[in-house]
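Quick notes on the structure that follows.
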Amino acid sequence: MFPTAQSVDTLIVGQGPAGLSAAIYTARAGIKTVVVGMPPKIDGEYDIDNYFGFDETVTGSELMARGRQQAERFGADLVTERVLGIHHGMDGAFEVKTEHSTFMARSVILAAGVSRVRPGISNLDDYDGKGISYCVSCDGFFYKQKPVMVLGEGNYAVNQALELKNYTSDVTLCSQGKALTMTDDFRARLDEAGIPIIEKKVTTLEGSPALERAIFDDGESIAVDGIFIAMGEASASDFAWTLGLEREGIYIKSDENQRTNLPGVYAAGDCVGRFLQIAVAVGEGALAARQAINHVKKTAKEAAS
Ligand SMILES: Cc1cc2nc3c(=O)[nH]c(=O)nc-3n(C[C@H](O)[C@H](O)[C@H](O)COP(=O)(O)OP(=O)(O)OC[C@H]3O[C@@H](n4cnc5c(N)ncnc54)[C@H](O)[C@@H]3O)c2cc1C
């Protein structure tokens, strides 16, 4: 299913202003750059009046089309796919798994914007660390042969559910009342692994001192020790969980040069949560790119010596 991993210098998650700006810098510096992302929200008929250099209103779709063309002009490879997970790989590299490929990247720039998808469970926060998790790689181990459920409707949720099968045979996927968006090949993999789908919504959690049961909107319940939240697509904070990046709420912590606490991983734009504007995202993308370029050159030199 997944061909051999492709090696890249910099993998950028997100084709929004931050990701494309970073790609323009890394690709122009001769760094092998892949940008994986779905079209950003701003890529539509929205009027933008406050971005530098346009004396007339420009639409979001025009601005983004220009950004993509500019990044491609310098040799960046733009891949319109979802990133499902990022893990530590061999020799300080990072393994980035998308819907159809795997990349080994020397550096990663997270420019995935901000996601506020919440499952809408009334007492979810009460079970934080007591059965609710956002990261299979971090917490799957704690549920060896225990009943667990993944909440989510798309390919990301399927990927999390399949990863959980490494720890327990008792895995269920619940769409949280949403229409299923997983693609046929991912649905087939779920069926093959024997993971059932429940298309209802969990409204409340029960159990003391930790999670024991999830209650659905029709009053029925399921016994579960763990629930993994994987709604929509994997967000910047999901990647932060897996890689062990410091966070501030839903945002990734970065310094004034967009460095995270992990060498080789940088974050830019809305996902770091400063001033959620295009101009700021573009500037932070440039700063992150400069750091990624330095990291790639330094690690290449170390590998050669
Ligand atoms: C309707 C609207 C109007 C706005 N108007 C203005 C304005 O006039 N002026 C202004 O300055 N700002 C405006 N903004 C804000 C501006 O759009 C954002 O600040 C800016 O787009 C942030 O850029 P970004 O690259 O950080 O994130 P985003 O633009 O959000 O891009 C993030 C990218 O990451 C991708 N992504 C996320 N997770 C994954 C994954 N798992 N796999 C693959 N890809 C993923 C997303 O699909 C997206 O492509 C507006 C925003 C909206 C929604």
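Every number here is computed from the coordinates shown, using simple stated rules; none is lab data. What you see is a predicted model, and the numbers here were worked out from it, not measured in a lab. Virtual Cβ from ideal backbone geometry, glycine too; neighbours counted across all protein chains shown.
Just report the Cα centroid separation between region 59-117 and region 189-213, whole Å.
Distance between centres, Cα-based: 31 Å.
Using only Cα atoms and rounding to the nearest 10 degrees, what angle (0 to 90) does helix 278-304 make with the longest principal axis of the chain?
That helix lies at roughly 90 degrees to the long axis.
Measure nothing but the geometry: give the 0 to 90° angle between the long axis through the Cα atoms of 155-164 and the longest principal axis through the Cα atoms of the chain, rounded to 10°.
Here the helix axis deviates by roughly 60 degrees.
Can you check what the Kirkwood hydrodynamic radius comes to for the chain, Cα pairs only, in Å to one decimal?
One over the average 1/r among Cα pairs gives 20.1 Å for the chain.
Enumerate the calculated ³J(HN,Hα) couplings along region 112-127 in order (Karplus 6.51 cos²θ - 1.76 cosθ + 1.60, θ = phi - 60°), each rounded to whole Hz, writing x wherever the residue is Gly or Pro.
Each residue of region 112-127 in turn: 8, x, 10, 10, 10, 5, 10, x, x, 9, 4, 10, 4, 5, 5, 10 Hz.
What's the local net charge at residue 61, with K and R +1, D and E -1, over the other residues with C-beta under 13 Å away?
-1
So, how do all the Cα-to-Cα distances of region 214-294 break down into 5 Å bins, in percent, from 0 on up?
Pairs per bin, as whole percents: 3, 14, 20, 18, 15, 8, 6, 6, 6, 4, 1, 0.
How about the chain: what cysteines have no other cysteine beta carbon under 4.7 Å from their own?
174, 271
Can you give me the long-range amide H partners of residue 172? Hydrogens built in the peptide plane at 1.01 Å from N, cutoff under 5 Å, separation of 5 or more residues or another chain.
When sequence neighbours closer than 5 places are left aside, the close amide H contacts are 148, 149, 150.
What does region 52-179 give for Rg and for Dmax, in Å, if only its C-alpha atoms count?
Rg then Dmax for region 52-179, in Å: 19.1, 62.
Could you check which residue among 210, 22, 76 shows the biggest mean-square fluctuation in a GNM of the chain with a 10 Å Cα cutoff?
210
Within region 124-229, how many lysine pairs that are 8 or more places apart, or on different chains, have C-alpha atoms less than 13 Å apart?
For region 124-229, the number of qualifying lysine pairs is 4.
So, counting K/R as plus one and D/E as minus one, what does the shell of residues with Cβ under 14 Å around residue 163 add up to?
Overall, the nearby charge balance is +1.
Any lysines with Cα under 27 Å of the residue 297 Cα? List them, leaving off those in the same chain fewer than 8 positions away.
32, 97, 253
Rank the residues 101, 61 as a footprinting-exposure proxy: fewest other Cβ atoms within 10 Å of their Cβ go first. Don't skip to the end; give the middle numbers.
Working: 101 17, 61 14.
With the fewest neighbours first, 101, 61 line up as 61, 101.
Kindly provide the pair-distance distribution of region 124-229 built from C-alpha pairs, with 5 Å bins from 0 and whole-percent values in order of increasing distance.
3, 14, 26, 25, 20, 10, 2, 0
Of 138, 174, 271, which is the most mobile in a GNM of the chain whose springs link Cα atoms less than 10 angstrom apart?
The residue that fluctuates most here is 138.
How do 254, 305, 7 rank when sorted from fewest to most other Cβ atoms within 10 Å of their own Cβ?
Taking fewest neighbouring Cβ atoms as first place, the list is 305, 7, 254.
Quick check: net charge around residue 270, other residues with Cβ under 12 Å of its Cβ, Lys/Arg +1 and Asp/Glu -1?
It works out to a net charge of +2.
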